[in-house]
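Accompanying notes for the structure given below.
Read-outs: derived from the displayed coordinates by stated rules, not from any lab. Since the model is a prediction, treat every value here as computed from it, not as a measurement. So basically every Cβ, Gly included, is an ideal-geometry build from the backbone, and we count neighbours across all protein chains shown.
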């Protein structure tokens with residue numbers, strides 16, 4: 001039921017975002033003939049704000065001991081929605097290339113789903129299907145290089161790629177929890193890449209963007225004495241981020 005509710009909600013959000021993009025695109029490309037904000041291409045730098053919808057999850061690698069025990073049958077990551085608020089600081093390097101710094105906060109809740117062996121009812125008192133959610137408030141510092149196409153009226157396409165460093169302000173790695181806690185480290189780094197579109201308006205540039213962000217380091221603070229932690233070796237961050245940039 002939770003999966004069906006999430007699927008329906010995701011479909012509604014996707015339809016809404018698609019409608020917004022269609023309206024923006026049709027108004028910018030077909031309705032407007034006046035060229036807006038040509039001066040932005042000649043600025044050395046500019047600033048803006050970003051609002052993002054985030055779909056995040058963990059990438060999990062099991063510890064070898066997972067195959068040597070029978071109490072936990074499945075340990076796998078689940079998807080979860082999130083929200084991000086950021087600032088934009090961009091530096092025009094050339095006509096084609098731009099360096100962008102996009103720091104901000106990401107609010108998300110990444111679950112790990114367990115299926116327990118019903119033949120071991122005395123080992124756990126939480127049922128046989130258990131979800132452990134790892135709440136995170138991440139301060140992210142991505143630095144991206146953008147490759148921009150030529151303008152077509154008030155429209156432009158760009159691609160980007162770069163690196164990022166994250167600090168989880170809600171990290172539970174140093175907290176003392178119960179025996180069912182999966183502990184996550186505070187610091188992360190990774191790479192990201194994506195594609196976006198610039199729609200130039202009279203007073204602002206609206207830039208929808210889709211980006212994939214992958215963490216490289218192991219976040220898991222493994223404890224072999226904790227039931228839900230010892231079956232997992234590595235945990236890495238994975239995110240799909242849809243962003244609307246409002247650029248001045």
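Tabulated data
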quantity: Listed peptides 226-237, 102-113 by packing density, highest first (mean Cβ within 10 Å); calculated: 226-237, 102-113
quantity: Neighbour-count order for 54, 204, fewest beta carbons within 10 angstrom listed first; calculated: 204, 54
quantity: Residue exposure sequence - 94, 140 - by fewest surrounding Cβ within 10 Å; calculated: 94, 140
quantity: Whole-number D in µm²/s for segment 30-170 (Stokes-Einstein; Kirkwood sum over Cα pairs; 37 °C, 0.692 mPa s); calculated: 173
quantity: Order of 63, 168 under a 10 Å beta carbon neighbour criterion, fewest first; calculated: 63, 168
